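K.L.:
Would you mind keeping the following structure in view while I ask a few things?
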Amino acid sequence: MKRIALAVGITAVLTIAIAALLINIFERKQEGRNAFFRVVDLDDNTDDPAVWGKNFPLQYDSYKRTVDMERTRYGGSEAIRQPASDRDPRDVVSQSKIDEDPRLKKMWLGYAFSVDFREERGHAYMLIDQRETERVKQFKQPGTCLNCHASTYTFMKKLGDGDTFKGFERMNQMTYAEATQGVKHPVSCIDCHDSQTMQLRVTRPAFIEGIRNLKGDQNYDPNTMASAQEMRSFVCGQCHVEYYFKGDEKRLTFPWHKGLQVDNMLAYYNEVGFKDFTHAESGAPVLKAQHPEFEMYSQGVHARSGVSCADCHMPYKREGGMKISDHHVRSPLLNINRACQGCHRFPEEEIKARVEQIQGRFIESRNLAMDALMELIDDIKAAKAKGATDAQLKEAWAMQRKAQFFIDFVEAENSAGFHAPGETLRVLTQALDACRKGQLALKAL
């Protein structure tokens, strides 16, 4: 009898456990089936992320968290004073990079970046920080600057009567002061997602033109021809890239005509005769690199392994039975468990130590190259003071142009060398070599 009672008891417990498991699985399937609840109707003109957030509260909640200012050892969004009002982000001033490293100011003498260049804050601040920078307040900038700092998709549609390419052209030719009046939000949901299907999409004409030039196919359309995994990097590559303002119309252009490496871009700029500014001390026609994360990532092992930008900076997470991308875009070092440990089976401390070792080596190499550039600029300035002609300085100028662009390229890239460590060190070695060749050219005088 005891055995029978025990068997009945075990059977009952197992039955209850199995029933609970089946109920849990059913509930999770139901949650997964209802990926979102349509509280409001969205269309291709809904640019307010708060409205999208009514249908996608989990994604919107994490999107709002880009206001944080947590930093890693070699970067981040730290502010140097707290806001006087919780509602006014202009009261927060991010750290000045040119105060931290005066060599940057010297490198950019004659250009707006020598006046104001600060630590980047999170996506939530991209529009207000651009509006408040002295580079905009003290200098007349084109509407082109707005492409990467605001939700411009609906604005371009409006300017182009429904055609974003036409609107893109018109926005570029406006002044920044005029263009910024037409936008309300930083980059938001509609800039990366289709309002009806929620599929990722590229909305920036400059990226579409750039990827077509890169592939040598003017009919290529990333929105219909790229894979889902490619799109998880392409939507980021709409803004995190090197670019320049082409011609009098200030058309935003990605210099990918010869390839994605810095050497390819320098060759293209040399071919078309482009310069960003003339250096105030040396007189060299030089270039200002922007933020080429997409290009540097493309040279690294993660890109070769099929890992996308979003896999690390917006990793998937579970919310109940739903699997969503974390829209709290930030450094993977602030989210090692989900950003890294899905692939790398090492303790968090080990992963962090490896990354910081790579970044520390980058900083050391970058400092050596930067010091060499400072010496070259001083030597050219001294040669000019002694009466050297433009013809005599031509070779030294070319070396400064190359070295400065190469150093700036990896300096402006926001991974401190991590996205492609080998490529980054190669670029800095090339820059150091150019500095020394420039000095030798002057010595020959």
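K.L.:
Using a 10 angstrom cutoff on alpha carbons, build the Gaussian network for the chain and name the most mobile of L252, L109, L21.
P.N.:
Maximum among the listed residues: L21.
K.L.:
Among R330, R354, R338, whose mean-square fluctuation peaks in a Gaussian network model of the chain (Cα, cutoff 10 Å)?
P.N.:
R354
K.L.:
Could you please state, rounded to a whole Å, how far the C-alpha centre of the range 393-440 is from the C-alpha centre of the range 43-64?
P.N.:
41
K.L.:
Right, something else. Taking 20 Å as the cut-off for C-alpha to C-alpha distance, list the pairs among K386/K443; K246/K384; K105/K443; K381/K443; K97/K352; K157/K275 that go past it.
P.N.:
K246/K384; K105/K443; K97/K352; K157/K275
K.L.:
Just to confirm my understanding: which cysteines in the chain have no other cysteine beta carbon less than 4.7 Å from their beta carbon?
P.N.:
By the Cβ distance rule, which asks for a partner under 4.7 Å, the isolated cysteines are C145, C189, C192, C312, C340, C343, C435.
K.L.:
Expected output is a single nm value to one decimal: the length gained when fully extending between D68 and R345, i.e. 0.36 nm times separation in residues minus the C-alpha distance. What is it?
P.N.:
That works out to 96.9 nm of additional length.
K.L.:
Going by average Cβ density within 10 Å per residue, which order do the peptides 61-73, 340-352 take, highest to lowest?
P.N.:
61-73, 340-352
K.L.:
Picking from M265, L425, I18, whose Cα lies most toward the positive end of the charge dipole for the chain (charges on Cβ: Lys, Arg +1; Asp, Glu -1)?
P.N.:
Working it through, the farthest residue towards the positive pole turns out to be I18.
K.L.:
In the set [x] -0.36, -0.62, -0.76, -1.29; [y] -0.31, -0.52, -0.64, -1.28; [z] -0.26, -0.46, -0.58, -1.20, which value of log10 I(q)/I(0) by the Debye sum over Cα atoms at q = 0.06, 0.08, 0.09, 0.13 Å⁻¹ was calculated from the structure you see?
P.N.:
Of the labelled values, this structure produces [y].
K.L.:
Please report, in whole Å, how far the alpha carbons of the range 286-373 spread along each principal axis, starting with the longest.
P.N.:
Principal-axis extents of the range 286-373 (Cα, largest first): 55, 29, 23 Å.
K.L.:
To the nearest Å, what is the center-to-center distance of the range 127-161 and the range 346-361, using C-alpha atoms only?
P.N.:
37
K.L.:
Can you order the peptides 114-120, 411-417, 216-222 by their average number of other Cβ atoms within 10 Å per residue, highest first?
P.N.:
Top of the packing list down: 411-417, 114-120, 216-222.
K.L.:
Does anyone have the angle between helix 228-237 and the longest principal axis of the chain? Alpha-carbon axes, 0 to 90°, nearest 10?
P.N.:
Once rounded, one gets 40 degrees.
K.L.:
Okay, moving on. Once you put a point 7 Å from the Cα of R318 and another 7 Å from the Cα of D161, both along the Cβ direction, what distance in nm separates them?
P.N.:
5.4
Where a number appears in this text, it was derived from the coordinates with a stated rule and is not lab data. These numbers come from a predicted model, not from an experiment. Glycine also receives a Cβ, built like all others from the backbone with ideal geometry; neighbour counts cover every protein chain displayed.
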